[in-house]
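Encoded as structure tokens, the structure appears first; notes follow it.
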Amino acid sequence: MRKLILAAFILFCAASYASDKSAKPEIKADSVLVLKKERVLQLLKDGKPFKTYKIALGSQPEGAKTQQGDNKTPEGKYVIDSRNPQSTFHLSLHVSYPNVPDTAKAKARHVSAGGDIMIHGLPKAYAWLGAAHRAHDWTLGCIAVTNPEIEEIWRLVPNGTPIEIRP
């Protein structure tokens, strides 16, 4: 009986080792690129896209964000600087908007640059919409994807990852 248990244990360990060896680690993004006109978010590794997502933007998508409440998605170079696992929008990754130039431009105009720009999923009550949420730009300036997509992006984009948002 002891030999049978030992043999089963050895087979179990060998099978676990083989399956672990064949599983490839997930690639982590070293940068994120958002192309507003194309409504696309790309995860990049060594400058090459390895994942692409269709997105919805702020309800006034043309042009760069210039002040709080303009419903525009910013344009420029930022960083994913934090994440919210308790987000109203399923999960969210915070974009470091406003940067120094954004703040200076807003200050010169005597307005607030705003903030709270996120890459996020859908609110629980609207998760059923899935990809249909992209039919219209609807956010207040954020970048929206489906809930399964934000779960994947959450895993693949560490804090500190640079993000560039282009027109």
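The values are calculated or read from the model by the stated rules, or taken from the named source; none is laboratory data. Please read all numbers here as calculations on a predicted model, not as lab measurements. Neighbour counts are summed over all protein chains in view; Cβ atoms, including those assigned to glycine, are modelled from backbone coordinates with ideal geometry. Just the protein is used for accessible areas: all its heavy atoms, side chains included, with ligands, DNA and RNA removed. Shrake-Rupley method; radii C 1.70, N 1.55, O 1.52, S 1.80 Å.
Just give me the residues in the range 106-129 being more than 13 Å from residue 68 (Cβ to Cβ) and either open to solvent by 20 Å² or more (accessible area, probe 1.4 Å) or of a type in the set (Phe, Trp, Tyr) (or both), in sequence order. Within the range 106-129, 108, 118, 123, 124, 125, 126, 127, 128, 129 meet the criteria.
Scanning the range 121-167 for residues that are among the small types (Gly, Ala, Ser) and touching an Asp or Glu at 6+ places or on another chain (Cβ under 8 Å) gives 121, 141, 160. When residue 80 is tested against (1) among the β-branched types (Val, Ile, Thr); (2) at pLDDT 95 or above; (3) in contact with a Lys or Arg (Cβ under 8 Å, 6 or more places away or on another chain), only condition (3) is not met. Among the residues examined, residue 87 qualifies as over 17 Å from residue 37 (Cα atoms) and either open to solvent by 30 Å² or more (accessible area, probe 1.4 Å) or touching a His at 6+ places or on another chain (Cβ under 7 Å) (or both). The set of residues in the range 25-53 being hydrophobic (A, V, I, L, M, F, W, C) and not in a strand (DSSP E or B) consists of 27, 29. Scanning the range 72-112 for residues that are of a type in the set (S, T, N, Q) and more than 19 Å from the chain's Cα centre (by Cα) yields a total of 2.
Among the residues making up the range 133-167, those that are among the small types (Gly, Ala, Ser) and either exposed (fewer than 15 other Cβ atoms within 10 Å of the Cβ) or on the phi < 0 side of the Ramachandran plot (or both) are 135, 144, 160.
The residue that is most open to solvent (accessible area, probe 1.4 Å), counting only those in the range 1-48 that are in contact with a helix residue (DSSP H, G or I) (Cβ under 9 Å, 6 or more places away or on another chain) and at pLDDT 95 or above, is 28.
Scanning the range 96-118 for any residue that is part of a strand (DSSP E or B) and touching a Ser or Thr at 6+ places or on another chain (Cβ under 7 Å) turns up at least one such residue. Consider residue 51 carefully, then state whether it is basic (Lys, Arg), surrounded by 18 or more Cβ atoms within 10 Å (Cβ to Cβ) and in contact (Cβ under 8 Å) with a residue 12 or more places away in the chain. So residue 51 does not fit the description; no.
For beta carbons closer than 8 Å, sequence separation of 6+ or different chains, a first residue in the range 74-101 that is acidic (Asp, Glu) and a second that is open to solvent by 70 Å² or more (accessible area, probe 1.4 Å) and in a loop (DSSP other than H, G, I, E, B), the qualifying pairs are 75/167; 81/159.
Working only within the range 54-76, note down all residues that are among the charged types (D, E, K, R), over 20 Å from residue 89 (Cα atoms) and open to solvent by 40 Å² or more (accessible area, probe 1.4 Å). Within the range 54-76, 62, 75 meet the criteria.
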